[in-house]
Amino acid sequence: MGIIYKWLLFSIAAYVSSLVVPGIHIEPIGTALIIGMCLAFVHTVVRPIIGAITLHINILTHTITALLLNGVVYWFLAQQVAGFTVTTITAALLGGLLTGLVSWLLGKFIRD
């Protein structure tokens, strides 16, 4: 999407928001073009920079959530499936971690 296209879209969106949302006012209408230009700049330039800076936080929280979910699934399956035993929550977490790692590695080498 070109920068001019983004500029026009954000300008229209800003103007519509001033019509719909109480407390937002744009006068004169040309101000919407300035707002659109600023929003397009932020969306095109600043947003990827912020995304790169906060990437480690996103990866960390996703990894922790996936680890805990895999551990809970392991623990649940141990209660439901005969012949599958998990004795501690640590074992469930480590099993979930290893299963996630192996499935990720296999997914890298084996494609549909």
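Below are the figures for this structure:
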quantity	calculated
Sequence-separation-based contact order of the chain, relative, with Cα cut under 8 Å and 6+ spacing, percent	19 percent
For segment 56-109: rounded, prolate or oblate by the Cα gyration tensor [a/c cutoff 1.5]	oblate
Helix-only CD estimate at 222 nm, as mean residue ellipticity for the chain, using -39500 (n - 2.57) per DSSP H run (n ≥ 4)	-25000 deg cm²/dmol
Rg over Rh, two decimals, the chain (C-alpha only, Kirkwood Rh)	1.32
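None of the figures in this text is laboratory data; all of them are computed from the coordinates on show. Every value quoted in this text rests on a predicted model; they were computed, and no experiment measured them.
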